[in-house]
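A quick write-up on the structure given underneath.
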Amino acid sequence: MGRLQDKVIVVTGAAQGIGEAYAKGFAAQGAKVVVADLNTEKGELVAKQIEADGGSALFVSVDVSSAESAAALVEQVVATYGGIDGLVNNAAIYGAMQFDLLITVDWDYYKKFMSVNFDGALVMTRAVYPEIAKRGGGSIVNQSSTAAYLYSGFYGLAKSGINGLTQQLAHELGGQRIRVNAIAPGPTDTEATRTQAGDASKELVKNLAIKRMGKPEDMVGAATFLLSDESSWVTGQIVAVDGGQTFRP
Ligand SMILES: NC(=O)c1ccc[n+]([C@@H]2O[C@H](COP(=O)([O-])OP(=O)(O)OC[C@H]3O[C@@H](n4cnc5c(N)ncnc54)[C@H](O)[C@@H]3O)[C@@H](O)[C@H]2O)c1
């Protein structure tokens, strides 16, 4: 028996990077994984690889900033797997994001960015939670970042919002036995990070307690714990998986 045996888990942004590692790691623990992403080509490939390795996966195209798209995903997942037990809100605009200040960023860009990186987690949660409630409860994991604790512009602001959302939703949904937690990764070696940070990530590593970049697979253990019944009394928590980049008193 895997630690997530037969649980149906939706992972957004699962076509690459950390989301791909989540999807593959959860499938290896017996979950039926929904690879949910805007990127159809890469998302379908991840689902095929999981199936080829003996796991169960379904690719569903979704835009997490759209309530209609989220509702269509739920319909398709329920038709295929009969329900939903867990949701990981991992999708974000990250690798190709613009760098600008809050006081100068173009309004339309800012609103689009926040609609994905902040509102997206709420849009998906609102669409999915009734299905989790029907199963008698389950778990939602939001993807935050250590950027929430550091000076990092509107990207960090969105992640601070994710932390607040996690705590608020933990209260709103706890009565329905739905737990809501977050993972705050530190600098993690994905294609998106290489595009976005380049050599700057080498500097970041010097200040970590563990002197290496994170790997997408480093996030999987914490996420598996938060999705599994092993964490049945853990909710509203932001778990840093960051090589010791940050700590909170
Ligand atoms: N890599 C890091 O160092 C790091 C550190 C802390 C937090 N994070 C967070 O982890 C998550 C994944 O990071 P990554 O490095 O794997 O990024 P990534 O850019 O490789 O993956 C993001 C995925 O989200 C998808 N996506 C973007 N907009 C979407 C939308 N509107 N609807 C559906 N899917 C959409 C993309 O197609 C992509 O597959 C993000 O939330 C990021 O902010 C990453």
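Please treat every number below as a calculation from the coordinates, not as lab data. Just so it is clear, the model here is predicted, and its values are computed rather than measured. Cβ: placed from backbone, ideal geometry, glycine included. Neighbour counts: every protein chain shown.
Some notes on this structure:
- Failed criterion for residue 158 (all others in (1) under 15 Å from the mean Cα position of the chain (by Cα); (2) away from the ligand (no atom under 12 Å from the Cβ) hold): (2)
- Pick from the stretch 1-30, criterion without any contact (Cβ under 8 Å) to a residue 60 or more places away in the chain and part of a loop (DSSP other than H, G, I, E, B), ranking: surrounded by the fewest Cβ atoms within 10 Å (Cβ to Cβ): 1
- Pairs where the first residue, in the stretch 83-109, is within 29 Å of residue 137 (Cα to Cα) and the second is away from the ligand (no atom under 14 Å from the Cβ) and basic (Lys, Arg), C-beta under 7 Å, 6+ apart: 83/134; 83/135; 85/7; 85/135; 86/7
- Residue match in the stretch 151-162 (condition: without any contact (Cβ under 8 Å) to a residue 24 or more places away in the chain and assigned to a helix (DSSP H, G or I)): yes
- Checking each residue in the stretch 6-28 for being closer than 16 Å to residue 120 by Cα, in contact with a helix residue (DSSP H, G or I) (Cβ under 8 Å, 6 or more places away or on another chain) and of a type in the set (Gly, Ala, Ser) picks out 13, 14.
- Restricting the stretch 190-220 to residues that are near the ligand (Cβ under 9 Å from one of its atoms), not in a helix (DSSP H, G or I) and not polar (S, T, N, Q), the residue that is nearest to the chain's Cα centre (by Cα): 214
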